[in-house]
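These notes concern the structure reproduced below.
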């Protein structure tokens with residue numbers, strides 16, 4: 001399928017052929033008829049991308065700081081990979097469209113193939129959208145109008161935040177698309193709309209179509225005129241839809257608002273207002289409007305389709321979209337004048353050039369799709385077909401971790417290793433990875449991988465909730481499997497994986513590997529070699545740092561939480577170091593309001609009588625290095641400091657080994673796994689270890705719930 005993509009490195013806009021989106025449960029596959037370019041948001045993105053690296057850093061200082069933090073922690077090589085991954089990626093554009101349902105995902109109710117639909121989706125022939133970011137339309141709906149769906153919801157949410165009543169007044173500062181839509185809906189609801197902008201052209205458009213009174217910001221006496229229009233009161237609310245770095249909108253809003261009025265920020269405008277004379281004396285209320293409405297950025301709402309009860313959250317983002325579409329279909333607002341330009345998808349780069357260069361006046365720029373062209377298949381060939389080798393690789397999932405830690409460590413000049421296929425939820429990511437790392441094709445159909453006889457090895461680097469599914473499918477297809485941790489999310493999935501593994505005798509014919517990279521770190525390997533077989537005591541302290549509760553990894557059904565998602569690493573490391581399986585676990589947690597269970601202490605007992613303690617703390621300072629390990633055995637102490645420094649203390653001397661950059665073992669792990677497939681041999685990590693470590697991780701959660709020690713069945 002065709003899709004608009006931008007390279008953030010250069011800012012170039014191109015029409016790319018990508019594989020079809022992957023349809024997941026709770027999603028709809030939609031063929032776009034129209035989409036609208038958000039000139040403000042997308043124009044700003046394109047402008048920034050076309051600047052130099054220094055210019056990009058100035059535009060996005062927070063991201064520049066993140067790069068510096070990565071440099072300090074992980075060194076120049078990993079930092080370069082992280083930055084280039086972002087800059088070289090195909091970045092999709094667009095977020096408001098309308099079209100026709102082509103396929104309905106599992107669990108979706110109320111939609112059928114052929115339904116007209118408006119949704120939040122990219123500029124692409126096909127988009128995959130969550131059910132709560134879509135609205136079913138009447139059969140006679142005008143899709144050219146309906147494609148303003150997301151912009152309408154954003155404008156409507158700003159109005160809701162303003163909390164206006166019939167007969168009140170509102171000033172709208174910024175008369176681009178969002179400002180015009182805001183004024184249209186204000187008037188439709190019986191609120192006087194006063195429009196203000198620095199651009200006299202859009203002011204004239206608003207004066208003609210959507211606002212009761214309008215002013216160019218340079219006009220004299222605006223505040224006095226508004227005061228007269230409101231009988232000396234001032235407007236009840238001000239909605240700022242402008243995108244600017246200037247403080248003038250926020251301060252001017254304070255001047256024209258009535259006492260105890262409300263100022264709502266919808267556009268990308270700064271909020272550093274002057275306290276005096278207006279905000280303090282008038283006791284003004286400043287509110288932020290979050291995108292489309294309640295539900296935005298909530299994984300449970302957007303990805304899992306769990307709605308908020310209307311009695312408690314009357315207006316969600318989906319219900320805002322529905323209300324906007326009802327205004328359109330009932331002809332209570334007329335937005336036809338907003339569309340000043342229409343381009344075909346193939347001519348979209350010309351549309352962006354016009355927007356960035358302001359080569360002619362514009363307001364709404366709509367893209368029209370060729371709906372008569374045949375739908376393209378899921379598979380996109382990237383390079384010529386290659387004969388089968390000893391190792392035929394495929395990646396299921398090619399996101400940040402895969403691009404930063406797995407793919408760069410695959411030997412690309414080894415003729416025995418052939419990179420065959422990539423599948424990712426984003427077709428843009430699939431194609432970029434295929435191009436950069438020399439894969440033969442990208443696809444959205446996992447059967448293209450599992451049924452391919454030239455592919456004998458599958459790397460799984462998707463979100464955690466799909467690990468077990470892809471592991472099982474790959475094992476059944478007789479593939480070697482590398483799955484990024486965790487292996488699975490619950491005991492039922494583990495039992496099924498173990499059953500398939502043992503029934504098919506995978507260990508005799510292939511490899512099952514979990515991405516426990518730390519046991520392959522240079523300092524870990526050296527320390528392991530110095531240890532004897534006697535029992536040992538171990539301490540592993542992790543200054544994990546906090547991550548938000550709404551991050552996907554914290555979601556129990558998607559990421560599994562941080563115990564399953566990350567603490568498994570440290571259980572495996574202690575298992576590797578002492579050379580024995582965990583048999584008993586006891587855990588205690590520091591209480592927290594969100595019940596995240598990410599500040600905890602874990603005590604482990606091993607089959608050979610070794611003991612270990614994992615201190616996984618999310619409540620510390622980032623100024624302290626993340627990981628610190630101590631191993632004690634028969635008069636020897638080994639200390640690993642953040643995988644940069646190793647100290648070994650014996651009876652007579654101290655040894656110290658230091659690395660310039662942190663090395664957590666990803667390079668050694670990937671190369672060792674591929675070499676084992678090439679040359680044969682036992683699994684790098686025994687299946688008994690993998691299964692025992694996974695059970696021990698589940699045992700930690702069980703221990704927290706029961707407040708008792710838990711025995712681990714081997």
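Please enumerate the residues belonging to the range 199-234 that are part of a strand (DSSP E or B) and out of contact with any helix residue (DSSP H, G or I) (no Cβ under 6 Å at 6 or more places or on another chain).
Taking the range 199-234 and keeping what is part of a strand (DSSP E or B), we get 213-216.
Answer for the range 199-234, where residues must be part of a strand (DSSP E or B) and out of contact with any helix residue (DSSP H, G or I) (no Cβ under 6 Å at 6 or more places or on another chain): just 213.
Select, from 484, 492, the only residue that is more than 23 Å from residue 452 (Cα to Cα) and assigned by TED's automatic domain parsing to the domain that holds residue 399. Show your work before the answer.
Working: 484 fails: more than 23 Å from residue 452 (Cα to Cα).
The unique qualifying residue is 492.
Between 311, 237, which is outside the structural domain of residue 555 (by TED's automatic domain parsing) and assigned to a loop (DSSP other than H, G, I, E, B)?
Values: 237 fails: assigned to a loop (DSSP other than H, G, I, E, B).
From the options 311, 237, the qualifying one is 311.
Looking only at the range 278-296, how many residues end up being surrounded by 12 or more Cβ atoms within 10 Å (Cβ to Cβ) and assigned to a loop (DSSP other than H, G, I, E, B)?
The total comes to 9.
Restricting the search to the range 214-225, which residues are closer than 20 Å to residue 265 by Cα and either surrounded by 15 or more Cβ atoms within 10 Å (Cβ to Cβ) or more than 44 Å from the chain's Cα centre (by Cα) (or both)? Before you say what the answer is, go through the steps one by one.
In the first step, residues of the range 214-225 are kept if they are closer than 20 Å to residue 265 by Cα; the result is 214-217, 223.
Within the range 214-225, 214, 215, 216, 217 qualify.
Of all residues in the range 157-190, which are assigned to a loop (DSSP other than H, G, I, E, B) and closer than 23 Å to residue 313 by Cα? Lay out the reasoning, then the answer.
Step one: list which residues in the range 157-190 are assigned to a loop (DSSP other than H, G, I, E, B), which gives 163-168, 174-176, 189-190.
Residues satisfying the conditions are 163, 164, 165, 166, 189.
Just need a number here: residues in the range 688-714 that are touching a strand residue (DSSP E or B) at 6+ places or on another chain (Cβ under 6 Å) and within 16 Å of residue 481 (Cβ to Cβ).
1
Please indicate, with yes or no, whether at least one residue in the range 579-586 is farther than 16 Å from residue 539 by Cβ and in a strand (DSSP E or B). Don't jump to the end; show me each part of the working.
From the range 579-586, those farther than 16 Å from residue 539 by Cβ are 579-581, 583-584; that's our starting set.
Going one step further and asking which of them are in a strand (DSSP E or B), we end up with 583-584.
Yes.
Return the only residue of 455, 506 being more than 15 Å from residue 694 (Cα to Cα), crowded, with 23+ Cβ neighbours inside 10 Å and outside the structural domain of residue 560 (by TED's automatic domain parsing). Full working, then the answer.
Details: 506 fails: crowded, with 23+ Cβ neighbours inside 10 Å.
Result of the check over 455, 506: 455.
Is the range 617-626 home to any residue that is part of a strand (DSSP E or B), in contact (Cβ under 8 Å) with a residue 40 or more places away in the chain, buried (at least 18 other Cβ atoms within 10 Å of the Cβ) and touching a helix residue (DSSP H, G or I) at 6+ places or on another chain (Cβ under 9 Å)?
Checked against the condition, which is being part of a strand (DSSP E or B), in contact (Cβ under 8 Å) with a residue 40 or more places away in the chain, buried (at least 18 other Cβ atoms within 10 Å of the Cβ) and touching a helix residue (DSSP H, G or I) at 6+ places or on another chain (Cβ under 9 Å), the range 617-626 yields no hits at all.
Out of the residues in the range 656-683 that are free of Cβ contacts under 8 Å to residues at least 40 places away in the same chain and not in a strand (DSSP E or B), which is farthest from residue 393 (Cα to Cα)?
Step one: list which residues in the range 656-683 are free of Cβ contacts under 8 Å to residues at least 40 places away in the same chain, which gives 656, 658, 675, 679-681.
Checking the rest, the ones that are also not in a strand (DSSP E or B) come to 675, 679-681.
Working: 675: 13, 679: 15, 680: 16, 681: 18 Å.
For the range 656-683, the residue satisfying everything is 681.
Could you tell me which residue of the range 479-493 is surrounded by the most Cβ atoms within 10 Å (Cβ to Cβ), considering only residues that are without any contact (Cβ under 8 Å) to a residue 60 or more places away in the chain and out of contact with any strand residue (DSSP E or B) (no Cβ under 9 Å at 6 or more places or on another chain)?
The extreme case among them is 493.
Can you list residue pairs whose Cβ atoms sit under 6 Å apart, with the first residue in the range 382-396 being exposed (fewer than 14 other Cβ atoms within 10 Å of the Cβ) and the second being modelled with pLDDT of 85 or more and part of a loop (DSSP other than H, G, I, E, B)? Count only pairs 6 or more apart in sequence or on different chains.
Partner pairs satisfying both residue conditions: 383/440; 388/454.
Taking the stated definitions as given, is residue 549 out of contact with any strand residue (DSSP E or B) (no Cβ under 7 Å at 6 or more places or on another chain) and either part of a strand (DSSP E or B) or at pLDDT 95 or above (or both)? Full working, then the answer.
Values: out of contact with any strand residue (DSSP E or B) (no Cβ under 7 Å at 6 or more places or on another chain): yes; either part of a strand (DSSP E or B) or at pLDDT 95 or above (or both): no.
Considered against the rule, which asks whether it is out of contact with any strand residue (DSSP E or B) (no Cβ under 7 Å at 6 or more places or on another chain) and either part of a strand (DSSP E or B) or at pLDDT 95 or above (or both), residue 549 comes out as no.
For the range 160-175, which positions are crowded, with 24+ Cβ neighbours inside 10 Å and either in contact with a helix residue (DSSP H, G or I) (Cβ under 6 Å, 6 or more places away or on another chain) or closer than 30 Å to residue 100 by Cβ (or both)?
170, 171, 172, 173, 175
Condition first: in contact (Cβ under 8 Å) with a residue 40 or more places away in the chain, over 30 Å from residue 597 (Cβ atoms) and part of a loop (DSSP other than H, G, I, E, B). Now tell me which residues in the range 627-655 satisfy that.
634
Taking the range 388-418 as the search range and keeping residues that are under 19 Å from the mean Cα position of the chain (by Cα) and in a loop (DSSP other than H, G, I, E, B), which one is nearest to residue 445 (Cα to Cα)?
Only one residue tops the list, namely 397.
Checking the structure you have, find out if any residue of the range 691-714 is in contact with a helix residue (DSSP H, G or I) (Cβ under 7 Å, 6 or more places away or on another chain) and under 30 Å from residue 79 (Cα atoms).
No, the range 691-714 has no match at all.
Mind telling me which of the residues 314, 275 ends up being surrounded by fewer than 16 Cβ atoms within 10 Å (Cβ to Cβ) and either in contact with a strand residue (DSSP E or B) (Cβ under 6 Å, 6 or more places away or on another chain) or closer than 25 Å to residue 165 by Cβ (or both)?
Values: 275 fails: either in contact with a strand residue (DSSP E or B) (Cβ under 6 Å, 6 or more places away or on another chain) or closer than 25 Å to residue 165 by Cβ (or both).
Matching residue, one of 314, 275: 314.
The values are calculated or read from the model by the stated rules, or taken from the named source; none is laboratory data. No experiment lies behind these values; they were computed from the predicted model shown. Glycine also receives a Cβ, built like all others from the backbone with ideal geometry; neighbour counts cover every protein chain displayed.
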